[in-house]
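Okay, so here's the structure we're looking at.
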Amino acid sequence: MAVVLRQLLTEATLLGAKVRLYWMDHLLGLFVDFIYFYAILVGIRVAVPGAEIRLDAVLLMYGVMQLVLGLLLLMPQDLMGEALRGTLEHLALARGGLLRLLFLRAGVNMLFILVRTTFLFAVLLLVTGVQLQPNPWWALCLPPLLLAGLGLALFLGGLTLIFRQVGNAVSFLQFLLIPYFLSLANWQPYMAYLPIAPAAQAANLALTRKTLDQGLLLLGLVQGVLLFLLGFFLLLWIYTLVRRRGIFGRF
């Protein structure tokens, strides 16, 4: 347990050092996200002129999108960077192995993404003047979203271990998810069966209409657990596969 805590503290220290060293890049990233939201909003108004747009729903779905996209980029970007530097095999020699180290790193990065997304969302609320009506139990909507995002990250991490360069695959998935999440601002009953959609809509209702939809929340939790398990076992299988084939450190 002491070893795990020491590794966790090391990962947190490493992340803090990266943020301090590359603070300008992080600051510009936040600015780009602000501009991105307004570009999306203008695009919607141009594409559907005269339509009634619920700004609070669009803003909420944008926040959910930022959270999930941030999570799914965790592992592939990290693994691609380690493979490029030639340090992937070194990480595998860490106490507990590569997978434990990746999970600890993912946990630290997940906390950072939560803080970053919260800050981005709070500033957008202030600038747009949107007034939320949160349910006291709205935080229950976060675990399904975190599980689903982490599951996607593990899935892409597995692909990265075997293919090394998956940047275009990640970009393709990002472009698919952007219109997907924004379409959820106009909720339809059939969307309850789409991946991540129930948890996103449950968060939307909980924060904008004081409604905690237990059915959507439960369905979102089931989906999140299934996505997490799918990503975890795929990563575990591919990790075993590349080590057995002797191509783990190949770039």
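The values are calculated or read from the model by the stated rules, or taken from the named source; none is laboratory data. Note that this is a predicted model, so its numbers are computed, not measured. Heads up, the Cβs are rebuilt from the backbone with ideal geometry, glycines too, and the neighbour counts pull from every protein chain shown.
Some observations on this one:
- Residue in the stretch 197-215 that is closer than 30 Å to Leu91 by Cα, surrounded by fewer than 17 Cβ atoms within 10 Å (Cβ to Cβ) and touching a residue at least 40 places away in the same chain (Cβ under 8 Å) present: no
- Residues of the stretch 168-184 that are of a type outside the set (S, T, N, Q) and either surrounded by 12 or more Cβ atoms within 10 Å (Cβ to Cβ) or in contact with a Phe, Trp or Tyr (Cβ under 7 Å, 6 or more places away or on another chain) (or both): Ala169, Val170, Leu173, Leu177, Ile178, Tyr180, Phe181, Leu182, Leu184.
- Evaluation of Ile40 against (1) touching a residue at least 60 places away in the same chain (Cβ under 8 Å); (2) within 25 Å of Gln131 (Cα to Cα); (3) touching a helix residue (DSSP H, G or I) at 6+ places or on another chain (Cβ under 6 Å) (one fails), failing number: (3)
- Scanning the stretch 216-232 for residues that are touching a helix residue (DSSP H, G or I) at 6+ places or on another chain (Cβ under 7 Å) and without any contact (Cβ under 8 Å) to a residue 40 or more places away in the chain yields Leu216, Leu219.
- Within the stretch 160-202, the set of residues being hydroxyl-bearing (Ser, Thr, Tyr) and either touching a helix residue (DSSP H, G or I) at 6+ places or on another chain (Cβ under 6 Å) or within 15 Å of Leu145 (Cβ to Cβ) (or both) comprises Thr160, Tyr180.
- Among the candidates Leu98, Leu14, Leu104, residue that is within 22 Å of the chain's Cα centre (by Cα), surrounded by 13 or more Cβ atoms within 10 Å (Cβ to Cβ) and modelled with pLDDT of 85 or more: Leu104
- Residues (of a type outside the set (Phe, Trp, Tyr), farther than 17 Å from Thr13 by Cβ and touching a helix residue (DSSP H, G or I) at 6+ places or on another chain (Cβ under 8 Å)) located in the stretch 103-126: Ile113, Leu114, Arg116, Thr117, Leu120, Val123, Leu124, Leu125
- For the stretch 208-251, the set of residues classified as over 17 Å from Leu102 (Cα atoms), at pLDDT 90 or above and within 22 Å of the chain's Cα centre (by Cα) consists of Leu216, Leu217, Leu218, Leu219, Gly220, Leu221, Val222, Gln223, Gly224, Val225, Leu226, Leu227, listed by residue number.
- Positions within the stretch 70-95 being charged (D, E, K, R) and surrounded by 13 or more Cβ atoms within 10 Å (Cβ to Cβ), in sequence order: Asp78, Glu82, Glu89
- Taking the numbered list (1) closer than 24 Å to Gln201 by Cβ; (2) hydrophobic (A, V, I, L, M, F, W, C); (3) at pLDDT 85 or above; (4) part of a helix (DSSP H, G or I) in turn, Leu132 passes all entries but (4).
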